[in-house]
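S.K.: Structure below; questions to follow.
The values are calculated or read from the model by the stated rules, or taken from the named source; none is laboratory data. Computed from a prediction, not measured in an experiment: that's the story for all the values here. Reconstructed Cβ throughout: ideal geometry from the backbone, glycine too, with neighbour counts over all protein chains shown. These area figures cover heavy atoms from the full protein model, side chains too; ligands, DNA and RNA do not enter into them. Shrake-Rupley method; radii C 1.70, N 1.55, O 1.52, S 1.80 Å.
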Amino acid sequence: MCGICGQILWQDAAAPMNPVPAMLDRLVHRGPDGHWLRSDAQATLGMARLTIRGLTSGQQPLVDEATGVMVVCNGEIDNHQALRVFLQERGRPVFEDTDVAVLPGLYLELGEAFVDQLIGAFAIAVWDPSRQQLLLARDRAGERPLFYCWTQGKAIFGSQLAAMAAAEESPRMPDVEALARYLQLGYFTAPDTPMMGIQKVGPAEVVVLNAEGVRRRSYWRWPRCRPSEPSLEVFDGLFKEAVRRQSDVDVPVGLFLSGGVDSSLIAAVTRHLHPDKSLTAYGLRFREDSFDEGLYAEQVARDLKIDYVPVWVEPEDIPRLLRDVVRTSGEPLADPAWMPTALLSERASRDIRLSLSGEGADELFGGYPTYFGAGYAEHYARLPAWLRALIRDQVHRWPPSDKKVTLSFLLKRFVEGDHLDGLKRHVLWNSSLPPSLMARLGVRPAWLDGPALEGEPLLDMIQRYDLECSLAEGLLTKADRASMHSALELRAPFLDLAVMEFAASLPATERVKGIETKRFLKRYASSYLPKSIVYRKKRGLSVPLSAWLRGPLEGFAREALRHPRLLQVGIDPSAALGLLNEHLARQVDHGRAVWALIVMSVWLEWLAEN
């Protein structure tokens, strides 16, 4: 893992001051183990390194001296050993021991198609002087970030928006339309970013830039295929290999452990593969009982003979940490779990360089309550309109609760959007701000088209949406920005290519049946974990935000929402404060909406300072 950046100047471009050293300064938190630059007549590429594989080698940029091809990579190439053999057989031996050393030869052998052969988590830039082009690529799931800007005759790229902002003398302006979509979704889907003129490479995307312009193409999609009878034995081999590959590194490895089935399964398989290795797990603790899962995590760690380090989350930590992670990342993200994940990473980074985590299991194997809710909603939508209006009115009379994922919270989400089709309803259920609140703020919502395929069943459709949008652009953004704030690499075994392809073959009933979710994965997990862990009620990582906003975070919230900088992006501060006041009076739970606005306000403050 590291931070990468660069600038390309084509023949007609004026030669400004080289911004790459300044960009690297903004990436040191991602790569504290050294940074390097390499230039030719047109290009300068840079890298700040966090050493994971190849402790005595691995300096980048990598250069093929015969052709001048330069490569920088943020991430890990898990199948590098097999690729070394492939290249050796074609007369392109690789001498360095670091995993990314295979990239220049692989590009020269296969051209753009080299990305198809990679397994891992990566963001890559390749400058090819003979073709006069810059190639950018991200891994299939979107675990590693990459941004770029193209203007006539010039391109810059970088791992984080904070680095991109350092590359321009003139201030960057906020993209008002993209920020409106952020308020709706809580994150930015590629190519959106919050800054005008800067775009994001999408998951599983290749972007080619040259003097004439930009070309984008997707090189992979989650391949929902003809269902087959799933084999526990086959999956066991695939999943153990994914954990083995991702933990086969040259630095200490740990675990993020919540006590839920996904992280507990990874812990159990890791212990199975490394029976004599000292392992440490890190887990979040909350003072609020309904949000705290620490006792379950402690039980799993104890059973597996893994050391457990609790990390307590206090509301007083939040304002400082939010400003810090916005400063290092350069972007807003509305997921309240961003802050606890950053705290967890801060503590873990004292001991380890890499941690395994459970991202992706819910999206691939059907773990969210919205998946069975979508099926019931299809039937609910067929009820007479007057009856649905009556039900909706009664449900919204229930007072808000500060507890975690209550029945009233779920039902209030369920009755919304009954006039919409299945995918739009799913987007609404998971939105930070529904259209009614956006209208009050003076912002026009936009219904976003999901990544549906013609004739795709509803469950497949919403799982694909979650995999390609809310996971890739939301949850994995949270994981990357939170962990790399403290130079900690996170890896997700469920996002290994073979695991994702296996999940794509599962019949619908092996994912969701009735109100039972993740049916196949839970059956598999039962061979490693007690049923009390496998089948306990899903909790997920949530934050007692609603209560904190009525207590210790009220002053912070009021300060952020009253600031006139919100007017810059078309938001009425008095309307934003109105939402907070309704929340304080317990008229409505506006916790998620208020938090999204707070994060945007803090980001606008950072942008003004930069």
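S.K.: Which of the residues that make up the range 231-250 are among the aliphatic types (A, V, I, L, M) and either in contact with a Gly (Cβ under 9 Å, 6 or more places away or on another chain) or open to solvent by 20 Å² or more (accessible area, probe 1.4 Å) (or both)? Please lay out each step first, then the result.
M.R.: Of all residues in the range 231-250, those among the aliphatic types (A, V, I, L, M) come to 232, 234, 238, 242-243, 249.
Correct list: LEU232, VAL234, LEU238, VAL249.
S.K.: If ARG350 meets every condition in (1) assigned to a helix (DSSP H, G or I); (2) modelled with pLDDT of 90 or more apart from one, which number is that one?
M.R.: Looking at each condition in turn, ARG350 falls short on (1).
S.K.: Here's another thing I want to ask about it. Counting only residues that are in contact (Cβ under 8 Å) with a residue 60 or more places away in the chain, over 20 Å from LEU24 (Cα atoms) and in a strand (DSSP E or B), how many does the range 120-137 have?
M.R.: 3
S.K.: Can you tell me how many residues in the range 258-280 are among the charged types (D, E, K, R) and open to solvent by 50 Å² or more (accessible area, probe 1.4 Å)? Outline the logic, then answer.
M.R.: Going through the range 258-280, the residues among the charged types (D, E, K, R) turn out to be 262, 271, 276-277.
Pick out the ones that are also open to solvent by 50 Å² or more (accessible area, probe 1.4 Å) and you get 276-277.
Residues meeting the conditions: 2.
S.K.: Just to be sure, is THR341 buried (at least 17 other Cβ atoms within 10 Å of the Cβ), over 30 Å from THR280 (Cβ atoms) and out of contact with any Asp or Glu (no Cβ under 7 Å at 6 or more places or on another chain)?
M.R.: Numbers: buried (at least 17 other Cβ atoms within 10 Å of the Cβ): yes; over 30 Å from THR280 (Cβ atoms): no; out of contact with any Asp or Glu (no Cβ under 7 Å at 6 or more places or on another chain): yes.
Answer is no for this residue.
S.K.: Let me ask something else. Surrounded by 15 or more Cβ atoms within 10 Å (Cβ to Cβ), among the small types (Gly, Ala, Ser), at pLDDT 95 or above and within 24 Å of PRO336 (Cα to Cα): which single residue out of ALA560, ALA547 fits that description? Break it down stepwise before answering.
M.R.: Values: ALA547 fails: at pLDDT 95 or above.
Going through ALA560, ALA547 in turn, just one is surrounded by 15 or more Cβ atoms within 10 Å (Cβ to Cβ), among the small types (Gly, Ala, Ser), at pLDDT 95 or above and within 24 Å of PRO336 (Cα to Cα): ALA560.
S.K.: Answer with yes or no whether GLU76 is farther than 23 Å from PRO129 by Cα, of a type in the set (D, E, K, R) and buried (at least 19 other Cβ atoms within 10 Å of the Cβ).
M.R.: yes
S.K.: Hey, can you tell me all the residues within the range 406-442 that are open to solvent by 60 Å² or more (accessible area, probe 1.4 Å) and either modelled with pLDDT under 80 or over 22 Å from PHE188 (Cβ atoms) (or both)?
M.R.: LEU407, PHE409, LEU410, GLU416, HIS419, ASP421, SER436, ARG440
S.K.: Something else now. Check LEU597, LEU604 and return the single one that is touching a strand residue (DSSP E or B) at 6+ places or on another chain (Cβ under 8 Å), closer than 20 Å to ARG323 by Cα, in a helix (DSSP H, G or I) and not aromatic (Phe, Trp, Tyr). Spell out the reasoning first.
M.R.: Numbers: LEU597 fails: touching a strand residue (DSSP E or B) at 6+ places or on another chain (Cβ under 8 Å).
After applying the criteria, what remains is LEU604.
S.K.: Quick check on my filter: what residues within the range 120-140 are open to solvent by 10 Å² or more (accessible area, probe 1.4 Å), of a type outside the set (Lys, Arg) and within 18 Å of the chain's Cα centre (by Cα)?
M.R.: Correct list: GLY120 only.
S.K.: In the set GLY294, GLY283, which member is open to solvent by less than 60 Å² (accessible area, probe 1.4 Å) and modelled with pLDDT under 95? Outline the logic, then answer.
M.R.: Working: GLY283 fails: modelled with pLDDT under 95.
One residue alone meets the criteria, GLY294.
S.K.: Can I ask one more? Search the range 511-534 for residues being without any contact (Cβ under 8 Å) to a residue 60 or more places away in the chain and of a type in the set (Ser, Thr, Tyr), and hand back the single one that is least open to solvent (accessible area, probe 1.4 Å).
M.R.: Looking at residues that are without any contact (Cβ under 8 Å) to a residue 60 or more places away in the chain and of a type in the set (Ser, Thr, Tyr), I get SER526.
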